[in-house]
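These notes are about the structure you will find just below.
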Amino acid sequence: MNAAVNPKRLLEPDETTDHVLGPHGARATLVEYGDFECPSCAQAYPAVKIMLDHFGPKVRYVFRHFPLREVHPHAELAAEAAEAAGAQGKFWPFHDLLFTHPHRLGEAHLREHAQQAGLDMARFENELRDHVYLQRVQEQMQVATQLRVRATPTFYLNGEFVDVSFGLQHLQRAIERVLDPA
């Protein structure tokens, strides 16, 4: 990594490009790099949702794309579709549909999800066909590469990597330590 790049700076949420749940002043900021076709991300999704409900406004959550194109052929287009949904104010409902249907990520399925999310279909289809959001997805992938992200899901809590390779309870404990350091 370039010595001039501060990893914590790369992990600061940007309201103009990131998808963020939770208040700006939350004591804990959780950034996830994920892939909609990744089985581990699909397994982590309900646990993360439970944690966010449990901790409420104490945690700010950011989802960023890191589609592993070599092993997940639908992941990048799914990320573009999620961005197209986000442009219509429906990123989170679309995100939820993708993670609850991880084996339904082909183009026809993405259209079905878009209809279910209530998107303007002409706009969605045009933006997907023209790859309007591919650059945004690739920029998030470049930042992930600078951070040395190699797998999904990858989590950072207040700018620090949290290893969840042995289970998401490590993430929950890390959040608890941030919220109650005593």
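The values are calculated or read from the model by the stated rules, or taken from the named source; none is laboratory data. Model, not experiment: these values are computed from the prediction. Backbone-built Cβ (ideal geometry, glycine too); neighbour counts: all protein chains shown.
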Residue that is surrounded by fewer than 17 Cβ atoms within 10 Å (Cβ to Cβ), free of Cβ contacts under 8 Å to residues at least 60 places away in the same chain and touching a strand residue (DSSP E or B) at 6+ places or on another chain (Cβ under 7 Å), where the choices are HIS170, HIS131: HIS170
Go through the range 10-36 and count every residue that is of a type in the set (Gly, Ala, Ser) and touching a residue at least 40 places away in the same chain (Cβ under 8 Å). 2
Pairs where the first residue, in the range 66-81, is closer than 15 Å to ASP96 by Cα and the second is polar (S, T, N, Q) and in a helix (DSSP H, G or I), C-beta under 9 Å, 6+ apart: ALA79/GLN140
Of all residues being among the β-branched types (Val, Ile, Thr) and touching a Gly at 6+ places or on another chain (Cβ under 9 Å) in the range 1-47, which is surrounded by the most Cβ atoms within 10 Å (Cβ to Cβ)? Just the residue, please. VAL31
One residue is enough: does the range 138-147 have a residue meeting the conditions closer than 25 Å to LYS8 by Cα and touching a Gly at 6+ places or on another chain (Cβ under 7 Å)? no
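When you go through PRO67, PRO102 one by one, which is the residue that is modelled with pLDDT under 95, surrounded by 14 or more Cβ atoms within 10 Å (Cβ to Cβ), out of contact with any His (no Cβ under 8 Å at 6 or more places or on another chain) and under 23 Å from LEU168 (Cα atoms)?
Result: PRO102 is the single residue among PRO67, PRO102 that is modelled with pLDDT under 95, surrounded by 14 or more Cβ atoms within 10 Å (Cβ to Cβ), out of contact with any His (no Cβ under 8 Å at 6 or more places or on another chain) and under 23 Å from LEU168 (Cα atoms).
With the requirement that a residue be surrounded by 13 or more Cβ atoms within 10 Å (Cβ to Cβ) and of a type outside the set (Val, Ile, Thr), what does the range 147-165 give you?
Listed by number, the residues that qualify are LEU147, ALA151, PRO153, PHE155, TYR156, LEU157, ASN158, GLY159, PHE161.
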Condition check for ALA82: under 12 Å from the mean Cα position of the chain (by Cα), among the aliphatic types (A, V, I, L, M), outside any strand (DSSP E or B) and within 24 Å of ASP130 (Cα to Cα): yes
Within the range 39-74, the residues that are in a helix (DSSP H, G or I), of a type outside the set (A, V, I, L, M), farther than 13 Å from THR29 by Cβ and out of contact with any strand residue (DSSP E or B) (no Cβ under 6 Å at 6 or more places or on another chain) are PRO39, SER40, GLN43, TYR45, PRO46, LYS49, ASP53, HIS54, GLY56
Determine if the range 144-162 includes at least one residue that is part of a helix (DSSP H, G or I), under 20 Å from SER40 (Cα atoms) and within 18 Å of the chain's Cα centre (by Cα). yes
Hey, any hits in the range 49-61 for a residue that's within 24 Å of GLU12 (Cβ to Cβ), surrounded by 24 or more Cβ atoms within 10 Å (Cβ to Cβ) and not acidic (Asp, Glu)? no
Please pick out the residue among ASP120, ASP180 that is more than 16 Å from GLY89 (Cα to Cα) and loosely packed, with under 15 Cβ neighbours inside 10 Å. ASP180
